[in-house]
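The values are calculated or read from the model by the stated rules, or taken from the named source; none is laboratory data. Note that the coordinates shown come from a computational prediction; the quantities given were computed from them, not determined experimentally. Ideal geometry is used to build each Cβ from the backbone, glycine not excepted, and the neighbour counts take in all protein chains shown.
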Amino acid sequence: MLHDILTGQTKGIALLAMAFTLFVYFLPSVLAFARARRQFLAILILNMLASPAQAVAAHFLAPGLLTFDPQNLSSVGMTVALVSFGPGWLALLIWSLLPGEPDPRWLKARDTKTYDAIAGLPLMLWFVYGALQMRAILVHDGTMIAAGTANLFIWARFFSLLAAACFNLLLIYLLVVRDKPVAKSKGVVPRIFAVLGTFTGVGILQLPVAQLSLPMQILAAVLIGVGSLSSFLVLSRLGKSFSIMPEARKLVTSGPYAHARHPLYAVEMITIIGTALQFAAPWSWVLALLVVTLLWIRSYFEEQVLEATYPEYAAYRAKTARFIPGIF
């Protein structure tokens, strides 16, 4: 499994499912830290011990419950749910939600650069994996280009994927060096839309590859390349103000942001269109439309935070298009 992940062979949807399961398992610890509970360390330690403890208890009390068919996903799922989300996990979840006075130490810890980097770690790993998935094709195409045997299709695909890989690597760098947020959106809904908007595009990659003509394949490669390269340039201007969640770090109104409030989302839409072309319709276009819709909603939540944080944002918003200058 580890070898498949490191070589980019694991399907993105499977990786997301594993990450989601892991997040839910540690939800009691996440909630305890988010609420600055004094008992955070105790909850975290017990959270790490909950799964093996529940497995041992099930082995002695009801060994039949741990019997499963490796080829049957529902059987495997039931066993994982029993071991991971049993009564011990449920008790920890309830404990983390009980009322209590926050601990000033944890409140202070949430406002550090270290915490911000840790919060961005899952996204860093996701972008690393995205780059790993392109490695095999880049090596293959690069070898053909070096040998002088590449055709126009190979050249177009190589440079479009190279731009996409550079875009992923820049995102990792910005997640590490970005400034601490000075304001965050309130409530869980804006964060849900931010996460969905970031990861929904992976659904397109799970569809069957479309059989395209050479002109259409080149068009798709050019769109992905242009979108990725433009995203790279926009992110270079955004710099340490980069965020995934609706947050305010620093107000940027120069460069591409002098012409559109959300130029990064605009060029990401170009990449999504190119990606959708390469996979089986109509579902690729359904997912592409969903991604674009989520980007629009994300921009709305982000503007709420920026307008509440920076008094000058209202004037900037009134004179600047949302995505495309002179159009909308």
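Can you tell me which residue among Leu49, Leu61, Leu16 is at pLDDT below 85, over 27 Å from Gly130 (Cβ atoms) and surrounded by fewer than 17 Cβ atoms within 10 Å (Cβ to Cβ)? On inspection, the qualifying residue turns out to be Leu61. Answer yes or no: is there a residue in segment 131-153 that is surrounded by 17 or more Cβ atoms within 10 Å (Cβ to Cβ), closer than 23 Å to Thr275 by Cα and touching an Asp or Glu at 6+ places or on another chain (Cβ under 9 Å). The answer is yes, given that some residue of segment 131-153 is surrounded by 17 or more Cβ atoms within 10 Å (Cβ to Cβ), closer than 23 Å to Thr275 by Cα and touching an Asp or Glu at 6+ places or on another chain (Cβ under 9 Å).
Return the only residue of Phe193, Phe158, Phe167 being modelled with pLDDT under 80, surrounded by 14 or more Cβ atoms within 10 Å (Cβ to Cβ) and either assigned by TED's automatic domain parsing to the domain that holds Trp285 or under 20 Å from Met269 (Cβ atoms) (or both). Answer to the check: Phe167.
Looking across segment 245-275, the residues that are among the small types (Gly, Ala, Ser) and buried (at least 17 other Cβ atoms within 10 Å of the Cβ) come down to Ala248, Ala260, Ala266, Gly274. Scan segment 284-328 for residues that are farther than 16 Å from Tyr265 by Cα, of a type in the set (Val, Ile, Thr) and touching a strand residue (DSSP E or B) at 6+ places or on another chain (Cβ under 9 Å) and jot them down. Those that are farther than 16 Å from Tyr265 by Cα, of a type in the set (Val, Ile, Thr) and touching a strand residue (DSSP E or B) at 6+ places or on another chain (Cβ under 9 Å): Val305, Thr309.
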